[in-house]
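**Q** Input: one structure, supplied below.
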């Protein structure tokens, strides 16, 4: 279901959107929906990457601590 959402854009963004729409024959509203989807996907992907890095950091810290304990034996 589509809903109306108002947002303020800079003049350069509006002009770029107009040109893109005219050149591709894709309505401006559809281009905006696609842009939002791309942004949301990028954000989700970045969050997954960050979580992977956090997990990796925790495991590396655990390994470092284990190596320090072994070195004391």
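We did not get these values from a lab; they are worked out from the coordinates using the rules stated. Treat the numbers as computed from the prediction; the structure is a model and nothing was measured. Glycine gets a Cβ as well: all are built from the backbone with ideal geometry, and neighbour counts include every protein chain shown.
**Q** Step by step: find N for segment 13-71, compute 2.2 N^0.38 Å, then divide the Cα radius of gyration by it. What's the final number?
**A** So segment 13-71 has a normalised radius of gyration of 2.15.
**Q** Suppose R0 equals 25 Å; then what is the FRET efficiency for residue 19 and residue 56 from their Cβ-Cβ distance, rounded to the nearest 0.05?
**A** Working from the Cβ atoms, E equals 0.05.
**Q** What is the helix-to-structure angle for 28-71, meaning the angle in degrees between its Cα long axis and the longest Cα principal axis of the chain, kept from 0 to 90 and rounded to the nearest 10?
**A** On a 0 to 90 degree scale, this one is about 10.
**Q** Can you quote the Å³ per residue value for the convex hull of the Cα atoms in segment 1-47, rounded to an integer?
**A** Cα-based convex hull of segment 1-47, divided per residue, equals 105 Å³.
**Q** Hey, what angle do you get for helix 11-24 against the long axis of the chain, alpha-carbon based, 0 to 90 degrees rounded to 10?
**A** Tilt relative to the chain: about 80 degrees.
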